[in-house]
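S.K.: First the structure, which I've put down as structure tokens, then a few questions once you've had a look.
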Amino acid sequence: MKKLLILWDIDGTILHSAGAGRRALQAALGAVFGVEGSLDGINLAGSTDRLIIRQIFSRFSIEFSEGNLARYLDGYIAELPAALGAGASRVLPGVREVLGQAAGRPEVALGLLTGNVRRGAQAKLDQHGLWGFFPVGAFADDAELRSELGPHALRRARGHWGAEFPPGRVWIVGDTPQDIACARAFGARALAVATGGSGLAELASHGPDAALGDLADPAAFWEAVGAGG
């Protein structure tokens, strides 16, 4: 019986993709709309792909319509494999071990809660053989605001495992203040990891339920989410 649901962010938490997403967005801008220009100053951390694209379209005076969004996302997904291959994408310390241990714990359910669209999430995780660890998730396809993604992930987890996950047994693992706020938005708990752009002190100031510098010690992770031993 699954009793603990752990929902993972991807970028800065599971892996660093070495700027592949930004490079793919830049390349797609030219390929789809014939627009050349810098994406400097557009903050990707903690945002959803949909919100990031809204900012890009605003900067370059592209109409934010569902048609343009779909075209741009298709272009982005087409560019992403090359961008990932050109960078030094890497899984962060301890993550592979934690995921492997979770697969051997019958009480633990794993899912994603990420600002990536589903196709982008799969491309990034497939590169490292990690997509199969996550049978459910919530993605930028579901909502523009990260704070609205939690109920989608919870609904899919209930449907997949046929189990109820009370808020105190649902954890968001992420590297930004937005991940903590997302957990709060639907009553989940937050484990902040300082493996992205935010330091441990900054993350702690947002009041997560637990905070770690990294996940290099899997035992510390399990202790943090109340599943030690």
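Each reported figure results from applying straightforward, stated rules to the coordinates on display, with no laboratory input. Keep in mind it's a predicted model, so treat the numbers as computed, not measured. Here the Cβ is made from the backbone with ideal geometry for all residues, glycine too, and neighbour counts use every protein chain on show.
S.K.: Per-residue ellipticity at 222 nm for the chain, helices alone: DSSP H runs ≥ 4 residues times -39500 (n - 2.57), over residue total, nearest 500 deg cm²/dmol?
M.R.: Values: 9 runs with 97 residues, N = 229.
My calculation for the chain gives -12500 deg cm²/dmol from helical runs alone.
S.K.: What number does segment 29-108 give for Rg over Rh if you use C-alpha atoms and the Kirkwood radius? Can you show the working numbers first?
M.R.: Working: Rg = 17.3 Å, Rh = 15.4 Å.
Over the Cα atoms of segment 29-108, Rg/Rh equals 1.12.
S.K.: If you don't mind, another one. Considering Cα pairs under 8 angstrom that are at least six residues apart, work out the relative contact order of segment 20-86 and quote it in whole percent. If you can, show how the numbers build up before the last one.
M.R.: Values: 47 pairs, mean separation 36.0, N = 67.
Relative contact order here is 54 percent.
S.K.: Dipole of segment 73-165, Cα-centred, from +1 at each Lys and Arg C-beta and -1 at each Asp and Glu C-beta, to the nearest 20 debye?
M.R.: Numbers: 10 positive and 10 negative charges, 44 e Å.
Dipole size: approximately 220 debye.
S.K.: Could you work out how much longer the chain between Ala82 and Gln101 gets when fully extended? Use 0.36 nm per residue separation minus the Cα distance between them, nm to one decimal. All intermediate terms of the calculation are to be shown ahead of the outcome.
M.R.: Values: separation 19, 0.36 × 19 = 6.84 nm, distance 3.13 nm.
Gain on stretching Ala82 to Gln101: 3.7 nm.
S.K.: Helix by helix through the chain, keep the DSSP H runs that span 27 Å or more along the axis on Cα and average at least 0.0 on Kyte-Doolittle, and give those back in order. Display every interim value, and only then the final one.
M.R.: On the way: long enough: 66-86 (30 Å, 0.23).
Helix filter hits for the chain: 66-86.
S.K.: Put one equal scatterer on each alpha carbon of segment 108-229, apply the Debye formula with no solvent term, and list log10 I(q)/I(0) at q = 0.15, 0.16 1/Å to two decimals.
M.R.: -0.69, -0.79
S.K.: Next up: Starting at 0 and stepping by 5 Å, how many percent of the alpha carbon pairs of segment 174-229 end up in each bin?
M.R.: Result returned by the calculation: 4, 23, 31, 23, 15, 3, 0.
S.K.: Pull out the extension gain between Leu39 and Ser147, defined as 0.36 nm times the separation in residues minus the alpha carbon to alpha carbon distance; nm, one decimal. Each step should come with its number before you reach the end.
M.R.: Values: separation 108, 0.36 × 108 = 38.88 nm, distance 2.41 nm.
Stretched fully, the Leu39-Ser147 segment lengthens by 36.5 nm.
S.K.: Let me ask you something else. For the chain, just run the numbers: alpha carbon Rg, then divide by 2.2 N^0.38 Å, N being how many residues it has. Intermediate results must be reported in sequence, preceding the final value.
M.R.: Values: Rg = 17.3 Å, N = 229, 2.2 N^0.38 = 17.3 Å.
For the chain, the normalised Cα radius of gyration is 0.99.
S.K.: A further question follows. Which residues among segment 177-196 fall inside the zone where the amide N is under 13 Å from a point 7 Å beyond the Cα of Glu202, along Cα→Cβ?
M.R.: 177-179, 193-196
S.K.: What relative contact order, as a whole-number percentage, does the chain give when Cα pairs under 8 Å and 6 or more residues apart are counted? Could you put the intermediate results ahead of the total?
M.R.: On the way: 414 pairs, mean separation 59.3, N = 229.
After rounding, I find 26 percent.
S.K.: Using all C-alpha to C-alpha distances in segment 67-162, build P(r) with 10 Å bins and read off the rounded percent in each one.
M.R.: 14, 40, 36, 10, 0
S.K.: Compute the distance from the alpha-carbon center of segment 1-26 to that of segment 51-120, in whole Å.
M.R.: 7 Å
S.K.: What's the local net charge at Gln26, with K and R +1, D and E -1, over the other residues with C-beta under 11 Å away? Write out the running numbers ahead of the final one.
M.R.: Numbers: positive: Arg22, Arg23; negative: Glu36, Asp40, Glu79.
Its environment carries a net charge of -1.
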